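The values are calculated or read from the model by the stated rules, or taken from the named source; none is laboratory data. This one's a predicted model, so the numbers in the text were calculated from it and none came from an experiment. Backbone-built Cβ (ideal geometry, glycine too); neighbour counts: all protein chains shown. These accessible areas exclude ligands, DNA and RNA; they are computed on the full protein's heavy atoms, side chains included. Shrake-Rupley method; radii C 1.70, N 1.55, O 1.52, S 1.80 Å.
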Amino acid sequence: MALLSTTPMLQKAKRDKHGIVAFNVHSFDSIFWVLEAAAEMKSPVILQTTVGTVKSLGADNIVKVAKAASEHYNIPTGLHLDHCTDYEVIKEAIRAGYTSVMIDASMHPFEENVKQTKAVMDLAGSLGVNIEAELGKVGGVEDDIVVAEEDAQKAVPEDCQKFVELTGVPTLAPAIGTAHGIYKGDPDIDFDRIEKIAQVVDVPLVLHGGSAVPDKDVRRCVAEGMAKVNVSTELKNAYSQAIREHFEQEPNSLDPRAYLQKAKDAAKEMAKSKIRMVGSENKIVPAFSE
């Protein structure tokens, strides 16, 4: 199956009241085991890369591998560039074949955020590429974007409505109290704010900072209209922890096939748990290939 625009995928998820997980992948092998997990769960999925991963692996190479994996596992797959502040990198990703990109101008005043988002819409909107933008400021660290806890700002529902009207953006990531990375305490999710935003905008919403948020809270976010749920840190941690445990238990077992298989198995189980969490298991239907 060819890589798909995430716009219809997320619109359908929003209508059907389930989510789709966007898993950050950082290596070519992770593309395959994420799709293998999704295929076993019969779930649509979004592969997601940071700007750093694009610079490390190359946009063209990522697209080629993602296409090959998607065709091999034959499941609905989107490929998304996350948290990009550089217009030239966005152009590079679109030209390579990414089906979704995020322009993150949330650190700028509202008017500049609108301006930069509209520029990306003008570039890619007519191509069927999904565009994601952010309002408010999600705390934590995402690649080279760092937002201190005291600087995090929740999105204002009226601003979200105006932003979508002015830009026509098909996917919106409002800051609602989550943060990138693993939480030091309990996440302060503003469910009332999500509900109010969903009432005034008619586009799928995106939950950033989905790692380590309790399943019940994520399910509530999805029920309120958050169709895309981003997961990165927990996936990386599961993979890395399995390798660490391998060498703690078998320090002389240096065959990469041994420890990488354990890492893959651990990461796959984590991916499957997140797919169950958002309710996308067994959601592959013929409508996705239309």
Task: Listed pairs Lys12/Lys262; Lys12/Lys154; Lys118/Lys264 exceeding 29 Å between Cα atoms - done: Lys12/Lys262; Lys118/Lys264
Task: Per residue accessible area of the chain, 1.4 Å probe, in Å² - done: 44 Å²
Task: Neighbour net charge for Lys14 - beta-carbon separation under 10 angstrom, K R +1, D E -1 - done: +2
Open item on the list: Given a Förster distance of 30 Å, report the FRET efficiency between Met107 and Asp188 from their Cβ-Cβ distance, rounded to the nearest 0.05.
Closed with: 0.90
Task: Extreme residue, positive dipole direction of the chain, given options Val164, Ala119, Ala37 (C-beta unit charges) - done: Ala37
- [ ] Considering the convex hull of the alpha carbon atoms of region 178-274, report its projected area averaged over all viewing directions, in nm², one decimal.
- [x] 7.2 nm²
TODO: Could you sort out which of Lys17/Lys196; Lys55/Lys272; Lys137/Lys274; Lys115/Lys137 sit more than 19 Å apart by Cα distance in this structure?
DONE: Lys55/Lys272; Lys137/Lys274
Task: Phi to ³J(HN,Hα) by Karplus 6.51 cos²θ - 1.76 cosθ + 1.60 over region 251-258, Hz, x for Gly, Pro - done: x, 9, 8, 9, 6, x, 5, 6
Open item on the list: Looking at the chain as a GNM with Cα springs under 10 Å, which of Asn130, Asn61, Asn252 has the largest mean-square fluctuation?
Closed with: Asn252
Open item on the list: Helix-only mean residue ellipticity at 222 nm, the chain, DSSP H runs n ≥ 4 weighted -39,500 (n - 2.57), per residue, nearest 500. What is it?
Closed with: -15500 deg cm²/dmol
TODO: Just grab the label-to-label distance for Leu254 and Asn282, each label 7 Å out from Cα along the Cβ direction, in nm (one decimal).
DONE: 4.8 nm
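If we count every other residue with Cβ under 15 angstrom of His72's Cβ, Lys/Arg +1 and Asp/Glu -1, where does the sum land?
Surrounding charge for His72 is -2.
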- [ ] Using Cα positions and a limit of under 15 Å, work out the aspartates and glutamates in reach of Lys42, with same-chain residues fewer than 8 apart set aside.
- [x] Glu71, Glu269, Glu281
Task: Extension gain from Ala68 to Glu158, taking 0.36 nm per residue of separation minus the Cα-Cα distance - done: 28.2 nm
Task: Cβ-defined net charge surrounding Pro204, 13 Å radius [Lys, Arg +1; Asp, Glu -1] - done: +1
- [ ] Could you tell me which label, among [x] 48; [y] 42; [z] 25, carries the value of percent of Cα pairs over 30 Å apart calculated for this structure?
- [x] [z]
Task: Acute angle (nearest 10 degrees) that the helix 28-41 long axis makes with the longest principal axis of the chain, alpha-carbon atoms - done: 80 degrees
Task: Of all accessible heavy-atom area on the chain, the percent that carbon and sulfur account for (1.4 Å) - done: 48 percent
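Starting from 0.36 nm per residue, how many nanometres of slack lie between Ala223 and Tyr87 once their C-alpha separation is accounted for?
45.7 nm
Which value, in debye to the nearest 20, describes the size of the charge dipole of the chain about its Cα centre when Lys and Arg Cβ atoms bear +1, Asp and Glu Cβ atoms bear -1, and nothing else is charged?
880 debye
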